Amino acid sequence: MKRTQQETTFSARRISRRALVLGGAQLGIAGLLTARLAHLQLDEAQEFRLLAEENRINVHLIAPARGLIFDRNGAEIAANEQIYRISMRREDAGDVDAVIAKLRGLVRLDEDRLQRAMREMQRSPSFVSVTLAERISWEELSAVALNAPALPGITPEVGLSRVYPRGQDFSHVIGYVGRVTERDLEQDTTDDPLLRTPQFQIGKTGTERAMESVLRGRAGTKRIEVNAAGRIMRELDRVPGVSGHDVRLTIDANLQNFVQARLGTESASCVVLDCRNGDVVAAVSSPSFDPNLFVQGISVPDYAVLRDNDHRPLHNKIVQGLYPPGSTFKMVTLLAALEAGQVTPRDTHYCGGHITVSNRRFHCWKRGGHGWVDLKKSLRESCDIYYYELAQKTGIDRIAAMARKLGLGIAPELEMTSVSDGLIPDREWKRVRRGEEWRIGDSINASIGQGYVLASPMQLAIMTARLASGLEITPRLVKSVDGVDQPSGVKGTLDIPRSWLDQVRESMYQVVNARGGTAGRSKFDLAGIKWAGKTGTSQVRNITAAERARGVFRNEDLPWERRDHALYVGYAPHDDPKYAVSVVVEHGGGGSKAAAPVARDVMLYALHGDVPPLEAYPTGQREEIAERFDAMPLAPRVGGTGTSQA
């Protein structure tokens, strides 16, 4: 069929438009190709020339500087030090044994460390670097760098490592760092590439672990040109990392050192809180250990010494240690009875040395009894029978509620690891956990801090600070982060009438300062300042009827692990509380003998801001005190002006 002139013209126009579009697209593609070729040949010519010469460019992460940790006065307690090390990457080394043989001629290699590195190298991917030597000298590092072409796979490095200048003083508080392990990688949820950086250190325990995200920082990067022989030719560019945040704790390093020295080799713990704001000004678990041993990996013999010590130096007794609080719990029972309307200051109970409840005999610590006992005498002389009577009238649920109001049975919020809840039992707890009903004997045992009741030294200090101040004190361990102050530990006013607290405070004052008080030998007078407190002794064994009949064994006649725990809680000044203290001496015997003297020395140091003056002690004790202080291995003072001024 013959096409018309109009159809022919229309078809020609359509073909022309298609040709123009296609031609334009071809020209655009050609232009892009030309621009790309020009960029590769002109702008990136140097880099491709390097690649053509068998050079390669490696990208490395730069580990940031870990944030520093200071005490409340600015003394450094966790720092970073520059170190030199040698690492090897198996995929670049080829013959590993031959390279190490050459390296031996340049660097002293510790055989144990080398064997661990070889095992790690076999477990790790071939592209992962493994450290062969650490903390080498500058001369050794330079020798390795000069001989780099003959040492394929070997890299000399300059890095930072954690160091703890105060040694054992803060080991249980700030903990320590260590190398990232496979377990750490499995538990990590951040997918931070830093964790796969060779020899990178993260917090393992204590504040180092609890504040890992704050202290770690963010990685930087660098691009390095390496020639075919393995020699580093130059650094092409660098993006610096972001250092971790600095943290200032509330603890006073000088007081901390004094407490550590005062506890010595005892299996014990001591906590000092500021009653005005909740600051933890000292927290010591004894015996301690040197955290620097763990930074690069502790040796098997060194770890065995710590692990096998029956005083458990690796155990953080400050917040992990749980103990029956003994008679230090009596203030809880007394306040619960006051709240329930079951006792008044004028009420008395007779203590003849024991009572019988449900055909079972419950004894007072004083075999002959205390006679007629009122509220103040019950605490002053620590009469058990008085509290047995209160427990039967008040009931365990009210006692448990008061204990929780005072901070017991609740894990304190602290930047530490493995913080325990403690245990304040009630009827529901026994029904659920033990499948049994609560018995009256359980209440009697709980009333004097025995039976199921357990508390940590930190919780006992919180209880004491709340009793002393009338405030809902919570402990504050971190004072500031990068100079920004953290919230105070005061949450409000304690929901307990002041008149009841005054009754307890006056009784605690008499414990130390009145005739017959159980802590009478631990009184002091620092320029008119006196203190108040309460002793406690908690049994770790049952005393049988046969033993009572023939006479109870004295603690000093028993094996160490069967002796009673010694406890003391107190605060000062008694009329304007600044500090509260708790001391627990494991298997120390009586609280008045083993724990109260420690607490007194610690409190005097906190108030005075230095080693206490002998004039603060009773005259007959000063010679003994002077000898004790002279024998204590105190570190040189650091930082500010002392706890009393903080």
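The values are calculated or read from the model by the stated rules, or taken from the named source; none is laboratory data. Because the structure is predicted, anything quoted here is derived from the model rather than measured. With ideal geometry, Cβ positions are generated from the backbone for all residues, glycine too; neighbour counts draw on all protein chains shown.
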Extreme residue, surrounded by the fewest Cβ atoms within 10 Å (Cβ to Cβ), among residues of region 368-398 that are in contact with a Leu (Cβ under 9 Å, 6 or more places away or on another chain) and under 22 Å from GLY570 (Cβ atoms) | LEU375
Do we find that GLY533 is in a strand (DSSP E or B) and either acidic (Asp, Glu) or under 31 Å from the mean Cα position of the chain (by Cα) (or both) in this structure?
-> yes
Please work out which one of (1) over 21 Å from the mean Cα position of the chain (by Cα); (2) under 15 Å from VAL281 (Cβ atoms); (3) not aliphatic (A, V, I, L, M) is the condition LYS479 fails and give its number.
-> (1)
Set SER213, SER243: member being among the polar types (S, T, N, Q) and free of Cβ contacts under 8 Å to residues at least 40 places away in the same chain = SER213
Taking ALA455 as meeting all but one of (1) aliphatic (A, V, I, L, M); (2) more than 27 Å from the chain's Cα centre (by Cα); (3) surrounded by 22 or more Cβ atoms within 10 Å (Cβ to Cβ), write down the number of the exception.
-> (2)
Give region 444-476 a look and list any residue that's in a loop (DSSP other than H, G, I, E, B), touching a Lys or Arg at 6+ places or on another chain (Cβ under 7 Å) and on the phi < 0 side of the Ramachandran plot, or say none.
-> ILE448, THR474
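Residue by residue, here is whether (1) β-branched (Val, Ile, Thr); (2) more than 22 Å from LYS376 (Cα to Cα); (3) modelled with pLDDT of 95 or more; (4) touching a helix residue (DSSP H, G or I) at 6+ places or on another chain (Cβ under 9 Å) holds:
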residue: MET458; (1), (2), (3), (4): no, yes, yes, no
residue: MET463; (1), (2), (3), (4): no, no, yes, yes
residue: LEU467; (1), (2), (3), (4): no, no, yes, yes
residue: VAL478; (1), (2), (3), (4): yes, yes, yes, yes
residue: LEU501; (1), (2), (3), (4): no, no, yes, yes
residue: ALA514; (1), (2), (3), (4): no, no, yes, yes
Return yes when SER358 is of a type outside the set (A, V, I, L, M, F, W, C), touching a residue at least 40 places away in the same chain (Cβ under 8 Å) and in contact with a Phe, Trp or Tyr (Cβ under 6 Å, 6 or more places away or on another chain) and no when it is not.
-> no
Flag if LYS479 is of a type in the set (D, E, K, R), in a strand (DSSP E or B) and in contact (Cβ under 8 Å) with a residue 24 or more places away in the chain | yes
Please enumerate the residues belonging to region 66-83 that are surrounded by fewer than 20 Cβ atoms within 10 Å (Cβ to Cβ) and either outside any loop (DSSP other than H, G, I, E, B) or outside the structural domain of GLY159 (by TED's automatic domain parsing) (or both).
-> GLU76, ALA79, ASN80, GLU81, GLN82, ILE83
Can you pull out the residues in region 379-407 that are among the small types (Gly, Ala, Ser) and either without any contact (Cβ under 8 Å) to a residue 60 or more places away in the chain or over 30 Å from VAL490 (Cβ atoms) (or both)?
-> SER382, ALA391, GLY395, ALA400
What about ARG521, is it of a type outside the set (Val, Ile, Thr), assigned by TED's automatic domain parsing to the domain that holds GLY470, part of a helix (DSSP H, G or I) and at pLDDT 95 or above?
-> yes
Taking GLU413, is it in a loop (DSSP other than H, G, I, E, B) and surrounded by fewer than 16 Cβ atoms within 10 Å (Cβ to Cβ)?
-> yes
Condition check for ARG209: under 28 Å from VAL281 (Cβ atoms), assigned to a strand (DSSP E or B) and at pLDDT 90 or above = no
Given the structure, is GLY470 touching a strand residue (DSSP E or B) at 6+ places or on another chain (Cβ under 9 Å) and free of Cβ contacts under 8 Å to residues at least 40 places away in the same chain?
-> yes
Could you look through region 557-611, keep only residues that are acidic (Asp, Glu) and over 19 Å from TYR323 (Cα atoms), and pick out the one that is surrounded by the most Cβ atoms within 10 Å (Cβ to Cβ)?
-> ASP601
Positions within region 577-626 being under 15 Å from ALA527 (Cβ atoms) and either of a type in the set (Ser, Thr, Tyr) or assigned to a helix (DSSP H, G or I) (or both), in sequence order = MET603, LEU604, TYR605, ALA606, LEU607, HIS608, LEU614, GLU615, ALA616, TYR617
